[in-house]
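Asks: Handing you a structure now.
The values are calculated or read from the model by the stated rules, or taken from the named source; none is laboratory data. Predicted model, so just to flag it, every value in this text is computed and none were measured. All Cβ positions, glycine included, derive from the backbone under ideal geometry; neighbour counts span all protein chains shown. With ligands, DNA and RNA removed, areas are computed over all heavy atoms of the protein, side chains included. Shrake-Rupley method; radii C 1.70, N 1.55, O 1.52, S 1.80 Å.
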Amino acid sequence: MRLPGKKQTFWLLMGASLVAMWLPARYTYALRNLMDPMLAPLAGRPFRAGQDLREWAGDWTARPKDAKAFRSLKDENEELRRQLAQLGEEYRSRLNEIAEGQAFRKDLLLQQGRLIPSEVLLRDAVAWREGLLLDRPADFTNRKQWAVSRIFVDRGSSSDVSDDLWTVLPLDSDAGQAELFKCAMVGRVERVGQVTARIQLLSDTDSVLQVQIFRIQRGSEAAEWGRKCVLVGRGPGRMMVKELTRGQTPAGARSASGPPAEVGDLVFSDESTPNLGARLVVGRITAVRESTDSPGKFECDVTPAVNCDRLRRVWLVDPNVREPK
Amino acid sequence: MRLLPFVILAVVTLVLQLALAPAISLTSASFMPQFPLILAMFVALYARADVALIACWSLGLLLDLSSRGPMGGFAFAFGLVGLGIVNIRASIFRDHPLSHFFLAMVFGVVANEIVCLREAFGSQLGGFTWHHLFVIPAGNAVYTALLAPYLMLLLVRLRRVMDFTERA
């Protein structure tokens, strides 16, 4: 039998790839799981170096341009620190007030299970796909687990920040509420290989999650969370809450007559989310508009609580508590 | 075309794609260059036609394997890119930076659109918007096209190593 020539082989390969394009991704996991362990040692260190480079470039572009500007920024910084300390006290007392009144604080923390730290090795190679490749811990085997991360702030020990400082962030801050909301959701484990795991970020276009919107208001007496709604990913750094109706009051809001959400409202995962069993912050609403597809309904743009460009380590949620041996 | 130098270059471009591209991406990873596409362009411009087609396809497969999403999308798209460039290369100035710029832009848009449209058709959630379908692929292609002339300058120096010494 004659073997096909190079041109025929090419057309055979094109045909095979055309068929493979329409196969569900799970049928090709085995092939990809072969590739991932090779990618990590090859590109892991350069990826870290790239992350360092990007952070350095960000700091360099934000540097003060001259000595006068530097002094002025230093004064401004000290003034802001004083204001921050005052706000911190006020904010802490408000949080305690809310926590006592609503008893929701315990809902935010994981009631059982454990968090498994895992290093971020790589991001996805394609611009519109939102994924991470993780160094898989040895005892972690389950797909459909959730990945959480501490909220990142872009100041560290070089800016006199230490563990014992009370970190207060205004409600409209990008970084979120560091003290109250201990963890932010990042994504879901999609595929677990021998030594690596792939995470689908919540901003991926194939990601969907049941969430609730929460609005913190001073003197709020609301005792329940808002109605459940659906959060879908919209590509890099973008998510959207869809199909909100006018009477759908966010938890913590005083009246049902207002819009279903406002800019600055927080989005939480639902506590009935499988394998999670906790409410964790997902993001913050940045825009609210009426839906063009469904008149009378609203949709909201949501910014993730975590800047995935800076992610270096995440925690995987394992909801199963194992008996000690 | 020699196999070993091609494999080494393919691995290097993949590492660049995974490590450098997110670092130099614009607007929170929306626009990033595609280094394997530039290598595919180089191979399609200078290698023997039948070998170039398979090499382009395998570069696409490599990108598919290192990403999530449906398998085969980039392999098919890069195969078409190879086919397109092989068919027009006799009628263009293949050493000219402007040719590299326009080839990277046109074929970058084509390759990204094929994969994007496939994913949009397969998406149950309707998460794909005009931004995904047109702005991101076009942005990626323009970014790749801006880098292509410089990287092609380097790659063209490797023609002898790759055994592209004769006009294919």
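Asks: Name the single residue that is modelled with the lowest pLDDT among those in the stretch A:235-248 being of a type outside the set (A, V, I, L, M) and surrounded by fewer than 22 Cβ atoms within 10 Å (Cβ to Cβ).
Replies: The first filter runs over the stretch A:235-248 and keeps only residues of a type outside the set (A, V, I, L, M), leaving A:235-238, A:242-243, A:245-248.
Checking the rest, the ones that are also surrounded by fewer than 22 Cβ atoms within 10 Å (Cβ to Cβ) come to A:237, A:242-243, A:245-248.
Values: A:GLY237: 78, A:LYS242: 80, A:GLU243: 76, A:THR245: 76, A:ARG246: 68, A:GLY247: 62, A:GLN248: 59.
Restricting to residues being of a type outside the set (A, V, I, L, M) and surrounded by fewer than 22 Cβ atoms within 10 Å (Cβ to Cβ), the top hit is A:GLN248.
Asks: Just to be sure before I move on: is B:VAL43 facing chain A (nearest Cβ under 10 Å), among the hydrophobic types (A, V, I, L, M, F, W, C) and within 23 Å of B:ASP95 (Cα to Cα) in the structure I sent? Let's see the steps before the verdict.
Replies: Details: facing chain A (nearest Cβ under 10 Å): no; among the hydrophobic types (A, V, I, L, M, F, W, C): yes; within 23 Å of B:ASP95 (Cα to Cα): yes.
For B:VAL43, the condition - facing chain A (nearest Cβ under 10 Å), among the hydrophobic types (A, V, I, L, M, F, W, C) and within 23 Å of B:ASP95 (Cα to Cα) - is not met.
Asks: Being farther than 27 Å from B:VAL135 by Cβ, open to solvent by less than 30 Å² (accessible area, probe 1.4 Å) and among the basic types (Lys, Arg) is true for just one of B:ARG48, B:ARG89. Which residue is that?
Replies: It is B:ARG89.
Asks: Right, another one. Give the stretch A:273-292 a look and list any residue that's modelled with pLDDT of 75 or more, surrounded by fewer than 17 Cβ atoms within 10 Å (Cβ to Cβ) and more than 29 Å from A:GLN51 (Cβ to Cβ), or say none.
Replies: Matches in the stretch A:273-292: A:ARG289, A:GLU290, A:SER291, A:THR292.
Asks: Of all residues in the stretch A:3-43, which are part of a loop (DSSP other than H, G, I, E, B) and within 9 Å of chain B (Cβ to nearest Cβ)?
Replies: Residues satisfying the conditions are A:GLY5, A:MET21, A:TRP22, A:LEU23, A:PRO24.
Asks: When the residues of the stretch B:85-99 are narrowed to those that are touching a Phe, Trp or Tyr at 6+ places or on another chain (Cβ under 9 Å) and in contact (Cβ under 8 Å) with a residue 40 or more places away in the chain, which ends up nearest to the other protein chains (Cβ to nearest Cβ)?
Replies: Among those residues, the one meeting the criterion is B:ILE85.
Asks: Of everything in the stretch B:18-42, what is of a type in the set (S, T, N, Q) and farther than 12 Å from B:LEU151 by Cβ? Give them in sequence order. Full working, then the answer.
Replies: Narrowing the stretch B:18-42 to residues of a type in the set (S, T, N, Q): B:25, B:27-28, B:30, B:34.
Those that are of a type in the set (S, T, N, Q) and farther than 12 Å from B:LEU151 by Cβ: B:SER25, B:THR27, B:SER28, B:SER30.
Asks: While we're on this one: What are the residues in the stretch B:58-83 that are open to solvent by 20 Å² or more (accessible area, probe 1.4 Å) and more than 7 Å from every other protein chain (Cβ to nearest Cβ), if any?
Replies: B:SER58, B:LEU61, B:LEU62, B:LEU80, B:LEU83 - these are the residues of the stretch B:58-83 that are open to solvent by 20 Å² or more (accessible area, probe 1.4 Å) and more than 7 Å from every other protein chain (Cβ to nearest Cβ).
Asks: Can you name every residue in the stretch B:1-44 that is touching a residue at least 24 places away in the same chain (Cβ under 8 Å) and more than 22 Å from B:VAL109 (Cα to Cα)?
Replies: Of everything in the stretch B:1-44, those that are touching a residue at least 24 places away in the same chain (Cβ under 8 Å) and more than 22 Å from B:VAL109 (Cα to Cα) turn out to be B:MET1, B:ARG2, B:PRO5, B:PHE6, B:LEU9.
Asks: Return the pairs, sorted by first residue and then second, in which the second residue is outside any loop (DSSP other than H, G, I, E, B) and modelled with pLDDT under 75, the first residue lies in the stretch A:118-130 and is within 7 Å of another protein chain (Cβ to nearest Cβ) and open to solvent by 10 Å² or more (accessible area, probe 1.4 Å), the beta carbons are less than 8 Å apart, and the residues are 6+ apart or on different chains.
Replies: Every condition considered, the pairs that remain are A:ARG123/A:GLY131; A:ARG123/A:LEU132; A:ARG123/A:LEU133; A:ARG123/A:CYS308.
Asks: Taking only the stretch A:56-70 into account, find how many residues are modelled with pLDDT under 80, open to solvent by 50 Å² or more (accessible area, probe 1.4 Å) and either in a helix (DSSP H, G or I) or at positive phi (or both).
Replies: Summing the residues that are modelled with pLDDT under 80, open to solvent by 50 Å² or more (accessible area, probe 1.4 Å) and either in a helix (DSSP H, G or I) or at positive phi (or both) in the stretch A:56-70 gives 6.
Asks: Out of all the residues in the stretch B:12-38, which are surrounded by fewer than 21 Cβ atoms within 10 Å (Cβ to Cβ) and more than 7 Å from chain A (Cβ to nearest Cβ)?
Replies: B:VAL12, B:ILE24, B:LEU26, B:THR27
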